[in-house]
Amino acid sequence: MSLCGSDGSDRRHVQGARLDGRTLTKSWLPGSFGNRGGTLRSGPGRAGPGRGDPDTEWATAPRDRPQDP
């Protein structure tokens, strides 16, 4: 399993993500990621005064939120 951020700076808010090279729109990872591994690349961004606002739309669609089984 590899978790890779962009630059290790003070960016704390996820602006997007890719799982094994594919765009990830969900706010959760599939069980296969825990079982088989993979590469998760996140696109953290800065937020706060003078730094811009976080992307509040990423992973918020009903189909992208975790579902109860």
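The values are calculated or read from the model by the stated rules, or taken from the named source; none is laboratory data. Bear in mind that the values here come from a model prediction, so they are computed numbers and not experimental data. Cβ: placed from backbone, ideal geometry, glycine included. Neighbour counts: every protein chain shown.
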* Asked: Is there any pair linking a residue in the stretch 13-25 that is closer than 11 Å to G43 by Cα to one that is of a type in the set (A, V, I, L, M) and surrounded by fewer than 17 Cβ atoms within 10 Å (Cβ to Cβ), with Cβ under 7 Å and at least six apart or on different chains, and which?
  -> H13/A47
* Residues that are surrounded by 10 or more Cβ atoms within 10 Å (Cβ to Cβ), aliphatic (A, V, I, L, M) and at pLDDT below 75, drawn from the stretch 2-48 -> V14, A47
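Consider the stretch 17-34. How many of its residues are in a strand (DSSP E or B) and among the β-branched types (V, I, T)? Step through it out loud before you land on a result.
Quick first cut of the stretch 17-34, residues in a strand (DSSP E or B) only: 17-19, 22-24.
This time we only want the ones that are among the β-branched types (V, I, T), so: 23.
So the answer is 1.
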